[in-house]
Structures are given as C-alpha cells and as structure tokens.
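Enquirer: Once you've had a glance at the structure underneath, I'll fire off some questions.
The values are calculated or read from the model by the stated rules, or taken from the named source; none is laboratory data. Here the structure is a predicted model, which means the values were calculated and not measured. Glycine also receives a Cβ, built like all others from the backbone with ideal geometry; neighbour counts cover every protein chain displayed. SASA here: full protein model, heavy atoms, side chains in, ligands and nucleic acids out. Shrake-Rupley method; radii C 1.70, N 1.55, O 1.52, S 1.80 Å.
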Amino acid sequence: MNKKLFEKVKGLCKDTGLSEKYLKAITEKMGGSIEDDSTDDEAIESTANLIAEVAKESQGEATRWANKNKETKTEEEKKAEEERKKKEEERKKKEEEERLKGKVALDEATEKRLKEMEEKIANYEAKESKEARAKEVVKAMEKHKIPAYLRDRLAKSISDDEDIEDAVSAYKQELITNGLDDEHSGGSKAASEKQIDEAADSLLESITVK
C-alpha cells in the first residue's frame with residue numbers, strides 16, 4: 001500500500017469518524033493501481049479522492065442502517081412496553097373484579113346474618129310483648145276478681161290494641177249486671193307475683209294459636 005496515498009485518504013476522511021483500520025482496508029482494496037513506491041501526485045490525489053468519496057458514502061449508508069435498526073428496535077420496545085402495560089391493566093382489572101366479587105359475597109353473607117338477627121330480635125320482642133300483656137291481663141282480672149272459669153274466654157276476647165283495664169272493668173260490670181257477685185270470684189285474697197307469672201304463662205299458652 002502506498003503510504004502517501006493512505007496519508008492523503010486519512011486527511012480527507014479525518015472528520016468522518018471512520019477508524020484508521022477501516023480506511024487502511026478500503027485504501028488497500030481500491031488503491032491497488034497505485035504502486036507502493038509511486039510518486040505520481042496526480043494519480044495519488046485522484047485515487048485518494050475516489051477512496052474518500054466511497055468511504056464517506058459507506059459511512060452514510062452505515063449511519064442510515066444504524067438509525068433504521070434503532071428505529072425498528074425502538075418500535076419493538078414500544079410495542080413490548082404497550083403489551084406489558086396492557087397485561088398489567090388486565091391483571092389489575094382481574095384483581096379488582098375478584099375483590100369486588102369477594103366483597104359482594106361478604107356483603108350478602110353479612111346482610112343474611114343481619115336479617116336473621118333482626119328476625120330473632122323481632123320474635124323475641126313480640127314474645128316479650130305478649131308475655132307482658134298476658135301478665136297485665138291477669139293482674140286486671142285479679143284486681144276486678146273475675147271468676148277463674150271465665151278468664152280464658154275473657155282473655156281471648158281482648159284485642160291487642162284494646163285497653164286491658166277498660167275491657168276487664170267493662171266485663172266485670174257486665175257480670176254484676178247479670179247477677180254474678182264477688183263470691184264467684186274464687187276468693188278475694190291478693191295473688192302473689194309468682195302466681196301472677198304462672199297464671200300469665202298458662203293464659204298465654206291457652207290463647208296462643210298453635
């Protein structure tokens with residue numbers, strides 16, 4: 001390889017960023033017509049310019065290829081990122097659906113338990129109310145000395161919204177009007193609280209529809 005030719009090529013391509021190894025290789029390939037010891041400046045200049053043009057063109061093609069490859073890679077990376085985001089969104093959506101599904105199931109179970117508790121409380125309150133009213137009926141009958149054999153019938157005739165005292169008092173007056181006096185009452189001795197409770201339980205049992 002003609003050293004003068006190579007130095008000339010290097011000078012023409014110094015701003016291209018091409019490596020000396022590449023310039024040496026292309027000079028050897030394209031400068032074969034110039035003898036190693038040639039001093040023909042005109043031939044060396046012409047060949048050096050030709051080699052420099054080819055080298056610069058090669059560099060342009062290499063740059064375009066690199067940029068295109070970079071764009072392709074960037075596009076692939078972009079698609080991969082979009083696919084990753086899509087999968088992540090699908091995963092989060094699925095997790096949210098599962099969470100909401102579990103919450104709905106929990107809410108339904110909670111609602112069922114609350115409903116059962118409300119029914120139990122309502123039944124308990126209804127029972128308590130009936131027992132309390134039965135005691136009030138017994139006390140009123142004791143107070144007005146209603147005969148024992150008439151008490152069940154009287155209790156059944158008193159409606160839930162009727163005033164107990166008024167109903168029993170009216171019934172007592174009816175008995176007096178019909179000639180039944182206090183000696184038919186079963187005794188004038190006041191009943192104990194325990195006796196009233198037992199009588200109320202018995203009365204409640206007798207008037208409860210089974």
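Enquirer: Could you work out how far apart the two model spin labels at E20 and T39 are, taking each label as a point 7 Å from the Cα in the direction of the beta carbon, and quote it in nm?
Expert: Label at E20, label at T39, 2.6 nm between them.
Enquirer: Further question: In straight Cα distance, which lysines are under 30 Å from K14, not counting same-chain residues fewer than 8 positions off?
Expert: By straight Cα distance, K14 reaches K3, K4, K24, K29, K56, K68, K70.
Enquirer: Okay, next question. Determine ³J(HN,Hα), in whole Hz, for all residues of the range 152-169 in sequence, where each value follows from phi through the Karplus function 6.51 cos²θ - 1.76 cosθ + 1.60 and θ = phi - 60°; x replaces Gly and Pro.
Expert: Here the 3J(HN,Hα) series is 4, 4, 5, 4, 5, 7, 8, 6, 5, 9, 8, 5, 4, 4, 5, 5, 5, 4 Hz.
Enquirer: Follow-up question, since we're still on this one. How much length is gained on full extension from N67 to D160, taking 0.36 nm per residue of separation minus their Cα-Cα distance?
Expert: 24.0 nm
Enquirer: While we're on this one: Between rounded, prolate and oblate, where does the range 3-72 land on the alpha carbon gyration tensor, with a ≥ b ≥ c its root eigenvalues, rounded for a/c under 1.5, else prolate if a/b exceeds b/c?
Expert: Prolate shape, in that a/c is at least 1.5 and a/b is the bigger ratio.
Enquirer: I've got another one for you. Place the peptides 165-174, 3-12 in order of packing, highest mean first, counting for every residue the other Cβ atoms within 10 Å and averaging per peptide.
Expert: My ranking of the peptides, most packed first, is 3-12, 165-174.
Enquirer: Right, another one. Write down the accessible area per residue of the range 3-72 in Å², having rolled a 1.4 Å probe over the full set of protein chains.
Expert: 71
Enquirer: Taking 0.36 nm per intervening residue step and subtracting the Cα-Cα distance, what contour gain separates E119 from E7 on full extension?
Expert: Gain on stretching E119 to E7: 29.9 nm.
Enquirer: Per the 1.4 Å probe, what fraction of the accessible area of the range 3-72, in percent, lies on carbon and sulfur atoms?
Expert: On the range 3-72, the fraction of accessible area on carbon and sulfur atoms equals 49 percent.
Enquirer: Could you name the lysines whose alpha carbon sits less than 21 Å from that of K85, not counting residues in the same chain fewer than 8 places away?
Expert: Counting by Cα, and skipping residues close in sequence, K85 has these lysines nearby: K73, K93, K94.
Enquirer: Continuing with the same structure: For the range 3-72, what's the relative contact order in percent, using C-alpha pairs closer than 8 Å and at least 6 residues apart?
Expert: RCO, the range 3-72: 43 percent.
Enquirer: What is the calculated FRET efficiency for E95 to E128, with r their C-beta to C-beta distance and R₀ = 45 Å, to the nearest 0.05? Kindly include the intermediate steps, with their values, before the conclusion.
Expert: Working: r = 48 Å, r/R0 = 1.07.
Computed FRET efficiency for E95 and E128 comes out at 0.40.
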